[in-house]
Amino acid sequence: MISDDKTPDEQLPELHPDHYFIDHPERLPHYFLLDGCRKNSTIVEMLNWDISAYNEYQRMDYWKTIGNEIAQDSDVYEDLESSFRNAVRKAVMRVSWNYRTAVPVYFPSYNKMSILLPLSFSAKSEAEIALVVEYNNISQKYTAPTILTLPVAYCNARLVCKPESDWLNQRVFEPVTNGEYDINGNLPVF
C-alpha cells in the first residue's frame with residue numbers, strides 16, 4: 001500500500017465520503033461531526049438532541065436526516081472530508097511505520113479480503129473507527145468503501161484470526177471510563 005515513488009496523497013485509498021457522511025454518519029465520532037458541521041447551526045442543533053428514548057426506526061430516521069443535511073451543505077461536507085482525509089493520512093503513515101497496524105478482515109458475504117486501518121480524528125492516537133480498505137483489481141488502486149465501529153471491526157477481524165494489533169483488541173468492548181460520554185451524557189454501552 002505504501003510506495004516510495006508516490007506522493008502522500010497518491011498513497012491514500014480512494015475514499016467514498018458520501019457513504020461515510022451521508023449514508024452512515026452514526027458511525028463517526030460525535031465530536032468529529034460537531035466540529036465538521038459547526039458552520040451549520042441546524043445540524044449542530046440536531047446533533048445535540050437527546051435521542052436516548054428513540055426506537056430503532058426513529059434513530060434511523062434521525063441519522064438519515066442528518067446525512068441529508070450534510071449532503072445539502074457543501075461547506076460542511078468539505079470540512080468533514082478534509083478532516084477525514086487527514087485522519088486517513090495519519091493511518092497510512094502509521095501502517096508505513098508498523099505493518100501490523102493493518103488488520104486483515106474477511107467478508108464472507110462478498111468473498112473478499114480487506115484490511116482495516118485505525119482512524120483517529122483527535123490529537124490522541126487511539127483509534128475511534130476502522131476504515132475498510134481493499135484492492136480493486138479493475139482500477140489497480142486501493143479503495144475504502146466503508147467505515148466500521150470498533151466492536152464491529154473486531155468481530156469481523158476475528159473471522160480471519162485473533163487481531164494482534166495495538167488498536168483493535170477486546171478492549172473495544174469495555175465501557176469508556178475516562179470521562180468520555182456519548183451525546184446524551186451517558187457512558188457508551190457496547
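The values are calculated or read from the model by the stated rules, or taken from the named source; none is laboratory data. Computed from a predicted model, the values in this text were never measured in an experiment. Reconstructed Cβ throughout: ideal geometry from the backbone, glycine too, with neighbour counts over all protein chains shown. Please note that ligands, DNA and RNA were not included when accessible areas were found on the heavy atoms of the full protein model with its side chains. Shrake-Rupley method; radii C 1.70, N 1.55, O 1.52, S 1.80 Å.
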Legend entry - Selected residue (only one of 90, 39 is outside any helix (DSSP H, G or I), within 28 Å of residue 125 (Cα to Cα) and not aromatic (Phe, Trp, Tyr)): 39
Inset, instruction - Please give the number of the condition residue 49 fails out of (1) open to solvent by 80 Å² or more (accessible area, probe 1.4 Å); (2) at pLDDT 95 or above; (3) part of a helix (DSSP H, G or I). - result: (3)
Inset, instruction - Only one of these is out of contact with any helix residue (DSSP H, G or I) (no Cβ under 9 Å at 6 or more places or on another chain), small (Gly, Ala, Ser) and over 19 Å from residue 125 (Cβ atoms): 82, 52. Name it. - result: 52
Inset, instruction - Run down 176, 160, 189 and say which single residue is farther than 24 Å from residue 23 by Cβ, in a loop (DSSP other than H, G, I, E, B), open to solvent by 40 Å² or more (accessible area, probe 1.4 Å) and at pLDDT below 70. - result: 160
Inset, instruction - Quickly run through segment 92-118 and pick out the residues that are among the aliphatic types (A, V, I, L, M) and touching a helix residue (DSSP H, G or I) at 6+ places or on another chain (Cβ under 6 Å). - result: 92, 95, 102, 103, 105, 116, 117
Legend entry - Of all residues making up segment 128-141, the number that are within 16 Å of residue 110 (Cβ to Cβ) and among the hydroxyl-bearing types (Ser, Thr, Tyr): 1
Inset, instruction - Go through segment 137-150 and give me each residue that's more than 13 Å from residue 15 (Cβ to Cβ) and open to solvent by 30 Å² or more (accessible area, probe 1.4 Å). - result: 137, 138, 139, 140, 149
Inset, instruction - Exactly one condition in (1) within 17 Å of residue 146 (Cα to Cα); (2) exposed (fewer than 15 other Cβ atoms within 10 Å of the Cβ); (3) in contact with a Lys or Arg (Cβ under 8 Å, 6 or more places away or on another chain) is not met by residue 75; state its number. - result: (1)
Legend entry - Selected residue (only one of 69, 26 is touching a Lys or Arg at 6+ places or on another chain (Cβ under 9 Å) and open to solvent by 40 Å² or more (accessible area, probe 1.4 Å)): 26
Legend entry - Residue that is over 19 Å from residue 125 (Cα atoms), loosely packed, with under 12 Cβ neighbours inside 10 Å and either touching a Leu at 6+ places or on another chain (Cβ under 8 Å) or touching a residue at least 12 places away in the same chain (Cβ under 8 Å) (or both), where the choices are 108, 13, 17, 104: 108
Legend entry - Every pair of residues 6+ apart whose Cβ atoms lie under 8 Å, when the first sits in segment 24-46 and is small (Gly, Ala, Ser) while the second is assigned to a helix (DSSP H, G or I) and at pLDDT 95 or above: 36/76; 36/79; 36/80; 36/83
Inset, instruction - Please indicate, with yes or no, whether at least one residue in segment 89-101 is more than 20 Å from residue 130 (Cβ to Cβ), open to solvent by less than 10 Å² (accessible area, probe 1.4 Å) and in contact (Cβ under 8 Å) with a residue 40 or more places away in the chain. - result: no
